[in-house]
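Trainee: The structure is given below, and queries will be raised subsequently.
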Amino acid sequence: MKPAFYLGAVIHCVLSVYSTLGFARGMRELIQTDNHSAARLKTLQDLFDTNPDAYWTHIGDRLSWFKKWTTLKKTQFTSPVSVEWYAGGTLNVSYNCIDRHLATKGDKVAILWEADDPATPSRHITYKELAREVGRFANTLKSLGVKRGDRVTIYMPMIPEAAYAMLACTRIGAIHQVVFGGFSPDAIADRMFDSQSDFIITSDESLRGGKHIPLKLNVDEAIEHLAELPGAPTVRHVLVIQHGPGTAKMTAPRDLWYEVVSKSQPTDCTPTEMSAEDPLFMLYTSGSTNKPKGVLHTTAGYLAWVAYTHDLVFNMQDDDIYWCTADVGWNHRS
């Protein structure tokens, strides 16, 4: 994974362009149009055509593993369908995105954030700063009872804390689901019910084109709707990041200001060793044509393919800046 591109998983839309079935065709198109990398791509194409197992091993080897996999892939396309990648291996997503870059890139900017209002100063967050913020966020979640396998809903504006929240979940093994910050309370409730999520991270408000959007108020209404559904989970905590005036209504002891509860938390959090096929995150379709459908992505195969396709398609170099204005609730999908 290139050390300068991870911005809250915004690059995952690449998967819809270069899916596994269409990769050979996509590779050939790249070879024809990109002279700079034609030789490299030709080598990879030949490897893909002649020795697929060696090709997928090459992709897996780009990641940092706590324990190397024992089985490259196990697939069954007849009922019951089963697909597993890098079985037996263990790793952690946040470690791959942050820790392995600290020794050589610690003082390099990892996230460059521009505000909705051009008059608001930019934020330049280095890898060392990102590591500290994610560690603090992860420890805060743990102190509130979030553990491996729990489902955490993230309904936030496009601020660096959205990336902190996602990476913190991956650090402790919690399963996160990002809900688009423009969705209604009903849409939030539907997704929390279907995923049985009982913990939500949000902000007091969001700014979009100068318009103030009351995210916390939307969450409060979503929780009221959720409580009316038989079999719905009881929301234990709403963790609120201040991005506005800080005047949002708070219901104790359920609602907590992140800035308050995180203040005493240490910044060092040991990454949880996750199995290759452990769940990483859930994401729901928009529901514009039918009931929203949830997709569950697992850890190793997803991370390996996203990192690899991003490298091939965008050819990112260490000093490049990857710019994206899309919401993480959209670009977190495949």
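The values are calculated or read from the model by the stated rules, or taken from the named source; none is laboratory data. What you are looking at is a predicted structure, and each value in this text was computed from that prediction instead of being measured. Here Cβ is always computed from backbone atoms with ideal geometry, including for glycine, and neighbour counts include all displayed protein chains.
Trainee: Within the stretch 44-69, can you find the residues that are part of a helix (DSSP H, G or I), touching a strand residue (DSSP E or B) at 6+ places or on another chain (Cβ under 8 Å) and over 14 Å from Asn96 (Cβ atoms)?
Mentor: Of everything in the stretch 44-69, those that are part of a helix (DSSP H, G or I), touching a strand residue (DSSP E or B) at 6+ places or on another chain (Cβ under 8 Å) and over 14 Å from Asn96 (Cβ atoms) turn out to be Asp53, Trp56, Thr57.
Trainee: Then there's this: Kindly list the number of the only condition in (1) within 23 Å of the chain's Cα centre (by Cα); (2) crowded, with 17+ Cβ neighbours inside 10 Å that fails for Thr270.
Mentor: (2)
Trainee: Within the set of pairs 6 or more residues apart or between chains, which connect a residue that is more than 30 Å from Asp117 (Cα to Cα) inside the stretch 225-253 to a residue that is assigned to a loop (DSSP other than H, G, I, E, B) and among the charged types (D, E, K, R) with Cβ atoms less than 8 Å apart?
Mentor: Hits for this filter: Pro233/Asp198; Thr234/Asp198; Val235/Asp198; Val235/Arg254; Arg236/Asp198; Arg236/Arg254; His237/Arg254.
Trainee: I would also like to ask the following. Taking the options Leu63, Leu72, name whichever one is touching a helix residue (DSSP H, G or I) at 6+ places or on another chain (Cβ under 8 Å) and within 15 Å of Ala307 (Cα to Cα). Outline the logic, then answer.
Mentor: On the way: Leu72 fails: within 15 Å of Ala307 (Cα to Cα).
Matching residue, one of Leu63, Leu72: Leu63.
Trainee: Looking only at residues in the stretch 77-97 that are in a loop (DSSP other than H, G, I, E, B) and touching a Lys or Arg at 6+ places or on another chain (Cβ under 9 Å), which one is surrounded by the most Cβ atoms within 10 Å (Cβ to Cβ)?
Mentor: Start the filter on the stretch 77-97 by keeping residues that are in a loop (DSSP other than H, G, I, E, B), which leaves 77-81, 88-89, 92.
Those left that are additionally touching a Lys or Arg at 6+ places or on another chain (Cβ under 9 Å): 88-89, 92.
Numbers: Gly88: 14, Gly89: 22, Asn92: 24.
The residue in question is Asn92.
Trainee: Failed condition for Leu72, given (1) assigned to a strand (DSSP E or B); (2) modelled with pLDDT under 95; (3) surrounded by 14 or more Cβ atoms within 10 Å (Cβ to Cβ), with all others met?
Mentor: Against the list (1) assigned to a strand (DSSP E or B); (2) modelled with pLDDT under 95; (3) surrounded by 14 or more Cβ atoms within 10 Å (Cβ to Cβ), Leu72 comes up short only on (2).
Trainee: Please work out which one of (1) assigned to a loop (DSSP other than H, G, I, E, B); (2) small (Gly, Ala, Ser); (3) touching a strand residue (DSSP E or B) at 6+ places or on another chain (Cβ under 7 Å) is the condition Ala119 fails and give its number.
Mentor: Unmet for Ala119, out of (1) assigned to a loop (DSSP other than H, G, I, E, B); (2) small (Gly, Ala, Ser); (3) touching a strand residue (DSSP E or B) at 6+ places or on another chain (Cβ under 7 Å): (3).
Trainee: Considering each residue of the stretch 144-173, count those that are touching a Gly at 6+ places or on another chain (Cβ under 7 Å) and part of a loop (DSSP other than H, G, I, E, B), and give that number.
Mentor: Of the residues in that region, 5 qualify.
Trainee: Count, please, the residues in the stretch 286-326 that happen to be surrounded by 14 or more Cβ atoms within 10 Å (Cβ to Cβ), under 18 Å from Ala110 (Cα atoms) and not hydrophobic (A, V, I, L, M, F, W, C).
Mentor: Going through the stretch 286-326 one residue at a time, the tally reaches 4.
Trainee: Quickly run through the stretch 203-218 and pick out the residues that are at pLDDT 95 or above, out of contact with any Ser or Thr (no Cβ under 8 Å at 6 or more places or on another chain) and not hydrophobic (A, V, I, L, M, F, W, C).
Mentor: Ser203, Glu205, Pro214
Trainee: Of the conditions (1) out of contact with any Ser or Thr (no Cβ under 9 Å at 6 or more places or on another chain); (2) surrounded by fewer than 20 Cβ atoms within 10 Å (Cβ to Cβ); (3) farther than 18 Å from Ser262 by Cα, Gly145 fails just one. Which one is it?
Mentor: With respect to (1) out of contact with any Ser or Thr (no Cβ under 9 Å at 6 or more places or on another chain); (2) surrounded by fewer than 20 Cβ atoms within 10 Å (Cβ to Cβ); (3) farther than 18 Å from Ser262 by Cα, Gly145 is out only on (3).
Trainee: Out of Ile200, Ile172, report the one residue that is in contact with a strand residue (DSSP E or B) (Cβ under 6 Å, 6 or more places away or on another chain), modelled with pLDDT of 95 or more, at negative phi and crowded, with 16+ Cβ neighbours inside 10 Å.
Mentor: Of the residues listed, the single one that is in contact with a strand residue (DSSP E or B) (Cβ under 6 Å, 6 or more places away or on another chain), modelled with pLDDT of 95 or more, at negative phi and crowded, with 16+ Cβ neighbours inside 10 Å is Ile200.
Trainee: Something else: When the residues of the stretch 100-138 are filtered to those that are in contact with a Ser or Thr (Cβ under 8 Å, 6 or more places away or on another chain) and of a type in the set (Asp, Glu), which remaining residue is surrounded by the most Cβ atoms within 10 Å (Cβ to Cβ)?
Mentor: Glu133
Trainee: Go through the stretch 133-157 residue by residue and tally those that are farther than 20 Å from Ala222 by Cβ and under 15 Å from the mean Cα position of the chain (by Cα).
Mentor: 3
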